[in-house]
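Q: Starting off with a structure, shown below.
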Amino acid sequence: MAHRLDTAAVLGAGVMGTGIAAHLAGAGIKTYLLDIVPPNLSDAEKADPAARNRFAAGAVQKALKSKPATFFDPDLAHMITVGNFEDHLDKLAECDLVIEAVVENLDIKRALFAKVAKVLKSDALLCSNTSGLSLEGMTADLPPDLQARFCVMHFFNPVRYMHLLELVPGPKSSEETMARAAAIGDYLGKGVVYGKDTTNFIANRIGTYGLMKTVHLMPEHDVTIEEVDKIVGTPMGRPKSAAFQTGDIVGLDTFVHVANNCYDSLADDPERDVFKMPEWILGLVKAKNLGRKTGAGFYKKVGKDIQVYDVATGAYREQKKVRFDSIGAVREVEDPGARLKKFVAQQDKAAKFGWAALAHTLCYSAKLVGEISDDLVQIDNAMKWGYNWDMGPFEAWDAIGVKDSVARMQAEGIQVPKVVMDMLESGRESFYGGPLSDRDFYDVTAKKAAKLPKDPKNISLAALKEDAKNVVEKNLGAHLIDLGDGVLCLEVHTKMNTIDDDVIKMLARSVEVAESGFDALVIGNQGAHFGAGANLMLIYMGAMQGEWGMIDGAITGLQAALQGLRYAKVPVVAAPFQYTFGGCAEIAMAADACQAQAETYMGLVEVGAGLLPGGGGCLRMVERWTEGAQDVKGADLLAFIGQGSLNIAMAKVATGAEEAKRLRFLLPTDGVSLHKGHHLYEAKQKALGMARAGYRPPRPRVIKAAGQDAAKSIQMSVWGMVQGGFATEHDAVIAQKVLHVLTGGNVAPGTELTEQHYLDLEREAFLSLCGMEKSQARMQSLLMNNKPLRN
C-alpha cells in the first residue's frame with residue numbers, strides 16, 4: 001500500500017464492530033475499539049476507567065469466547081485497545097483508518113462524525129460500515145476535505161470468514177480514497193466489489209430479494225420450509241443452509257430489518273412488494289423466535305431433534321423426509337453449473353419451484369445492473385463472496401443457457417430485462433466469454449464485450465492448463481503445472497483431493513521433475529479443500545478383502561514419496577487451506593515450508609477411522625514436539641511426546657492456521673495468507689525466495705527416543721480414561737499403538753533412532769489396526785454414514 005496502515009480505530013463495539021476490530025488485529029494492525037460510556041453508572045463507576053470502557057472491553061471478552069472463533073488467534077486480542085467516545089476520541093489522531101460501526105441511526109452517526117472530524121489527522125480515511133443509510137445524508141455536514149476521504153467499507157458477518165467487502169463512494173469521495181480503501185481491503189484478504197449509494201448496496205439487495213421471492217412463491221408451489229431448504233441449497237449451487245437455515249443463522253429480526261429497509265426505501269422499485277414481510281414471519285419475531293440465538297426461529301431444537309415451523313398450522317413439528325426425483329438426479333453432479341442446468345430442467349414440484357425462484361432472481365439482478373453497480377461482474381462477485389453462492393446470477397444464467405432460458409421465461413410470462421434482450425439481439429449468447437486466461441464480459445452500458453480486469457497476484461491453475469505447454473505431466477489424480485519463473489506446481493484433483501495411487505505416483509514424480517528442470521516445487525490446488533486425507537474406501541476395501549500387500553504397498557509408497565519431498569534438492573512449499581486432514585496434513589508437514597491460508601483446518605484425524613497416521617505424521621509429531629529437547633542432556637521427553645500423542649489420539653483439528661502453529665502441524669516460520677485469491681502466488685514467492693537464498697536440503701536426522709517407559713506412563717492415563725467412561729477399550733488399543741510409535745517402540749530412553757525406524761513402526765501399526773474388526777467398523781461408519789463410531 002502507498003499509505004501505510006499502522007493504526008486503526010473502530011467506533012462501535014457491537015457484533016460487527018468487534019468483528020472488524022478482531023480482523024484488523026489479525027492482520028497485525030494496532031486497533032482502538034471504542035463505544036459509548038455505559039448509562040446509569042454510579043458515582044464511583046463514573047471515575048473508574050474499567051467501568052467507563054465496559055461495553056468495548058466486554059465485547060472483546062465475548063468475542064474471545066465465541067464459536068466459531070472471532071479471532072484468528074486469541075493472543076491477537078492484545079492488539080486491541082478498548083476505550084469510549086467521551087475519553088478516548090483523541091486517540092483517533094494516531095489512526096490511518098477509522099471505521100464507524102454504530103447503530104443504524106442517521107442522527108447518531110452524524111453527531112459522532114462531527115466529533116471525529118475535529119481530531120482526525122489530515123490524511124486518514126473515515127469509513128462507515130453502514131448497510132442501509134444514505135451516504136449523502138450521512139456526510140453532508142463533514143468538511144469538504146473529509147468528504148473526499150470518506151467512503152463505505154461494508155464488511156459481512158462474521159467478518160473473519162466472509163470474503164466480501166463492498167466499497168461504496170460518497171458523493172465527494174476522491175479516486176485516491178477509493179484506491180486506498182481497495183488496497184486496505186486487499187491487505188485484509190477481502191474480495192472487493194464496488195457498489196453505489198443505493199439501499200442495501202449489492203449483496204443484501206439481491207440476497208434479500210431472492211429469499212423474499214422464495215417465501216412468496218411457497219403457497220403457489222405448495223412447499224414446506226424443509227422442502228425449500230433442500231431445493232434452493234446444493235442443487236442450485238447455494239450453501240447447504242439454503243434459505244431458512246440461513247435466516248436462523250442471521251437472525252429473523254435482522255432479516256426483517258433488512259427487508260423492511262428495502263420496502264420503505266424502494267418506493268420506485270416495480271417489485272417493491274416482494275420485500276413486504278408476510279405476517280407469519282412477523283409473528284415469529286413478535287414471539288421472540290429469532291433463530292439460533294433464541295433457540296427457535298424457522299427451526300427449533302427440541303432435545304436432540306430439530307423441529308420445523310409449519311406455516312399452515314403455526315406450530316413446530318417434526319421434519320418430514322424430503323425426497324424429490326429432481327434432487328436425486330443431480331446428487332452426483334459435481335460441477336455446480338451442470339448441476340443447476342440439469343436440476344431446473346426437471347418437471348417435478350421441486351424443480352419447478354427452484355426454476356421459479358431462480359428465474360425471478362436472475363431477472364431482478366439484470367434489472368439492477370447500472371443502478372447498484374456499474375457492471376454485472378460486481379454483482380456476481382458480491383453474491384459469491386457475500387452469500388457463498390457457487391455462481392453469481394449471471395454466471396448461473398450462462399450455465400443454464402441464456403437463450404433457451406429466456407425463451408422459457410417469456411413463455412411463462414416473465415418479463416426479461418432489456419439489457420438481456422439487447423445482448424441476445426447483438427448476437428452474443430452469454431454474459432462471459434473467451435478463454436479463462438483472457439475472459440471478457442458483456443458491458444450493459446457500452447452494449448459490447450469488455451475485458452475482465454486481471455489481478456497479477458491471482459494465479460489460476462485452470463487458466464494455465466488451457467495452454468498445453470504449461471502442463472508438464474498429468475494422470476487421473478494430479479497435474480504437474482509450470483507456474484513460470486522456474487516453479488513447478490503439483491495440483492491434486494481427485495474427489496475431495498484425497499490421496500490415491502495416482503496421487504502417490506505424482507508426488508514422487510513431482511520431485512524428479514522439479515529436480516531436473518525447475519528451481520522450486522509448490523504443492524497446492526484451487527478446489528474446495530487442500531485435501532481430506534487418504535482414500536479411505538480403498539483402505540477399507542483392501543482390509544475387508546485381506547489385501548494386506550496392497551495396503552502395505554500404498555503406505556510404503558506414500559512414506560517414500562513424502563520422504564522424497566522432505567529431502568528434495570529444490571525447496572518444496574505446500575499451500576494448505578480449508579480441510580487439510582490426515583495424509584494431506586502429512587504432505588504439508590513433509591514440505592520444507594508451508595504458506596497456509598488463514599482458514600486452514602489441519603489435523604491428523606486417522607483415529608476417527610480406527611487408524612493412525614501412516615505417512616510420516618507420527619514421525620513429524622516426534623520431530624516437532626521434541627526438537628527443543630533433543631540436544632539437552634538428560635532431558636525428559638515424556639511431556640513433549642505426551643502433547644504430540646494428544647494431537648493424534650484425540651484427532652485434534654486446528655481451527656485456523658495460527659492454532660495449527662500452536663499444535664505444531666505448522667511451523668512458527670510458516671507463512672499465513674489472508675487473501676485466498678493470492679494464496680498460490682504467495683506460496684510461489686516463498687518457494688522462489690528459498691531457492692534464491694541458496695537452498696540446501698535438510699540432513700537426515702537421528703532422533704533420541706522417549707522409550708517404552710514413557711509409553712507405559714502415558715498408557716496409565718489412557719486406561720484411567722477408559723475406567724472413567726471417557727474412552728472405549730478400542731480407543732485405548734489405538735492410543736497404545738500411537739504411543740508405541742511415538743516413543744520409538746521397545747527401546748530404552750535416549751536410544752538414537754533413524755527416521756526410517758519410526759516410519760516402519762507407523763506402517764506396522766497401521767496394518768495391524770486395519771486387520772481389527774472394530775477399526776473396520778469405524779471405517780465403515782465414516783464411509784456409509786459420514787459419522788464417527790465410538791466402539
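The values are calculated or read from the model by the stated rules, or taken from the named source; none is laboratory data. What you see is a predicted model, and the numbers here were worked out from it, not measured in a lab. Please note: Cβ atoms are built from the backbone with ideal geometry, for glycine as well, and neighbour counts cover all protein chains shown. We work out accessible area using only protein heavy atoms, side chains counted, and drop any ligands, DNA or RNA first. Shrake-Rupley method; radii C 1.70, N 1.55, O 1.52, S 1.80 Å.
Q: Restricting the search to region 228-256, which residues are over 30 Å from Ala140 (Cα atoms), among the hydrophobic types (A, V, I, L, M, F, W, C) and in contact with a helix residue (DSSP H, G or I) (Cβ under 9 Å, 6 or more places away or on another chain)?
A: Across region 228-256, the qualifying residues are Val228, Ile231, Val232, Met236, Ala242, Ala243, Phe244, Val250, Leu252.
Q: Here are some conditions: (1) under 28 Å from the mean Cα position of the chain (by Cα); (2) aliphatic (A, V, I, L, M); (3) assigned to a helix (DSSP H, G or I). Met391 meets all but one. Which one does it not meet?
A: (3)
For every residue, the table says whether it meets (1) touching a residue at least 24 places away in the same chain (Cβ under 8 Å); (2) on the phi > 0 side of the Ramachandran plot; (3) small (Gly, Ala, Ser).
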position	(1), (2), (3)
Arg4	yes, no, no
Thr7	yes, no, no
Ala13	yes, no, yes
Ala25	yes, no, yes
Gly28	yes, yes, yes
Thr31	yes, no, no
Pro38	no, no, no
Leu41	no, no, no
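Q: Just name the residue that is surrounded by the most Cβ atoms within 10 Å (Cβ to Cβ) out of those in region 439-462 that are closer than 18 Å to Gln526 by Cβ and either touching a strand residue (DSSP E or B) at 6+ places or on another chain (Cβ under 7 Å) or charged (D, E, K, R) (or both).
A: Within region 439-462, the match that is surrounded by the most Cβ atoms within 10 Å (Cβ to Cβ) is Ile459.
Q: Could I ask something else about it? Cβ-Cβ below 8 Å, separation at least six or inter-chain, first residue in region 140-164 and touching a residue at least 40 places away in the same chain (Cβ under 8 Å), second among the basic types (Lys, Arg) and open to solvent by less than 20 Å² (accessible area, probe 1.4 Å): which pairs?
A: The qualifying pairs are Phe155/Lys190; His163/Lys190; Leu164/Lys190.
Q: Shifting gears a bit: Can you name every residue in region 330-373 that is assigned to a loop (DSSP other than H, G, I, E, B), touching a residue at least 12 places away in the same chain (Cβ under 8 Å) and under 30 Å from Val193 (Cα atoms)?
A: Glu334, Gly370, Glu371, Ile372
Q: Go through (1) assigned to a helix (DSSP H, G or I); (2) crowded, with 20+ Cβ neighbours inside 10 Å one by one and return the number of the condition Glu136 breaks.
A: (2)
Q: Kindly indicate the residue of region 394-433 that is of a type in the set (Ser, Thr, Tyr) and without any contact (Cβ under 8 Å) to a residue 40 or more places away in the chain and also least open to solvent (accessible area, probe 1.4 Å) among those meeting that condition. Break it down stepwise before answering.
A: Residues of region 394-433 that are of a type in the set (Ser, Thr, Tyr), as a first pass: 405, 426, 430, 432.
Among the residues that remain, those that are also without any contact (Cβ under 8 Å) to a residue 40 or more places away in the chain are: 426, 430, 432.
Numbers: Ser426: 73, Ser430: 37, Tyr432: 22 Å².
Filtering region 394-433 for residues that are of a type in the set (Ser, Thr, Tyr) and without any contact (Cβ under 8 Å) to a residue 40 or more places away in the chain, the one least open to solvent (accessible area, probe 1.4 Å) comes out as Tyr432.
Q: What residue, among those in region 279-329 that are assigned to a helix (DSSP H, G or I) and of a type outside the set (A, V, I, L, M), is surrounded by the most Cβ atoms within 10 Å (Cβ to Cβ)?
A: Across region 279-329, the extreme among qualifying residues is Ser326.
Q: Given the criteria part of a helix (DSSP H, G or I) and either buried (at least 20 other Cβ atoms within 10 Å of the Cβ) or touching a residue at least 60 places away in the same chain (Cβ under 8 Å) (or both), does Ile703 qualify?
A: No, not satisfied.
Q: If you don't mind, there's one more thing I want to ask. Please specify each residue of region 77-98 satisfying the condition of being assigned to a helix (DSSP H, G or I) and in contact (Cβ under 8 Å) with a residue 60 or more places away in the chain. Please lay out each step first, then the result.
A: In the first step, residues of region 77-98 are kept if they are assigned to a helix (DSSP H, G or I); the result is 77-79, 89-94.
Passing the criteria: Lys91, Leu92, Glu94.
Q: Just to be sure I understand, how many residues within region 486-501 are under 17 Å from Ser516 (Cβ atoms) and surrounded by fewer than 18 Cβ atoms within 10 Å (Cβ to Cβ)?
A: Selection size over region 486-501: 1.
Q: Follow-up. Residues in region 662-685: is at least one modelled with pLDDT under 95, assigned to a loop (DSSP other than H, G, I, E, B) and surrounded by 21 or more Cβ atoms within 10 Å (Cβ to Cβ)?
A: no
Q: Sort out which residues of region 189-227 are in a loop (DSSP other than H, G, I, E, B) and either surrounded by 21 or more Cβ atoms within 10 Å (Cβ to Cβ) or touching a helix residue (DSSP H, G or I) at 6+ places or on another chain (Cβ under 9 Å) (or both), and write them in order of number.
A: Start the filter on region 189-227 by keeping residues that are in a loop (DSSP other than H, G, I, E, B), which leaves 189-190, 195-202, 222-224.
Selection gives Gly189, Lys190, Gly195, Asp197, Thr198, Thr199, Asn200, Phe201, Ile202, Asp222, Val223, Thr224.
Q: Can you list the helices (runs of 4 or more DSSP H) found entirely within region 24-69 that contain at least 3 residues being among the hydrophobic types (A, V, I, L, M, F, W, C) and open to solvent by less than 70 Å² (accessible area, probe 1.4 Å)?
A: Hits in region 24-69: 54-65.
Q: Another one. Go through region 167-188 and give me each residue that's within 18 Å of the chain's Cα centre (by Cα) and not in a helix (DSSP H, G or I).
A: So in region 167-188, the residues within 18 Å of the chain's Cα centre (by Cα) come out as 185-188.
Leu188 - this is the single residue of region 167-188 that is within 18 Å of the chain's Cα centre (by Cα) and not in a helix (DSSP H, G or I).
Q: If only one of Glu104, Glu166 is among the charged types (D, E, K, R) and open to solvent by less than 20 Å² (accessible area, probe 1.4 Å), which one is it?
A: Going through Glu104, Glu166 in turn, the sole match is Glu166.
Q: Next question, about the same structure. Restricting to region 502-514, and then to whatever is farther than 24 Å from Val333 by Cα and touching a strand residue (DSSP E or B) at 6+ places or on another chain (Cβ under 9 Å), can you tell me which residue is surrounded by the fewest Cβ atoms within 10 Å (Cβ to Cβ)?
A: The qualifying residue surrounded by the fewest Cβ atoms within 10 Å (Cβ to Cβ) is Lys505.
Q: Next question, about the same structure. Please state which one of Ala366, Ala351 is among the small types (Gly, Ala, Ser), over 27 Å from the mean Cα position of the chain (by Cα) and either open to solvent by 40 Å² or more (accessible area, probe 1.4 Å) or closer than 29 Å to Lys447 by Cβ (or both).
A: Every option except Ala366 fails the conditions.
Q: Just checking, does region 673-681 include any residue being of a type in the set (Ser, Thr, Tyr) and over 36 Å from the mean Cα position of the chain (by Cα)? I'd like the intermediate steps shown before the answer.
A: As a first pass, look at region 673-681 and keep what is of a type in the set (Ser, Thr, Tyr): 673, 681.
Now restrict to residues that are over 36 Å from the mean Cα position of the chain (by Cα): none.
There is no residue in region 673-681 that is of a type in the set (Ser, Thr, Tyr) and over 36 Å from the mean Cα position of the chain (by Cα).
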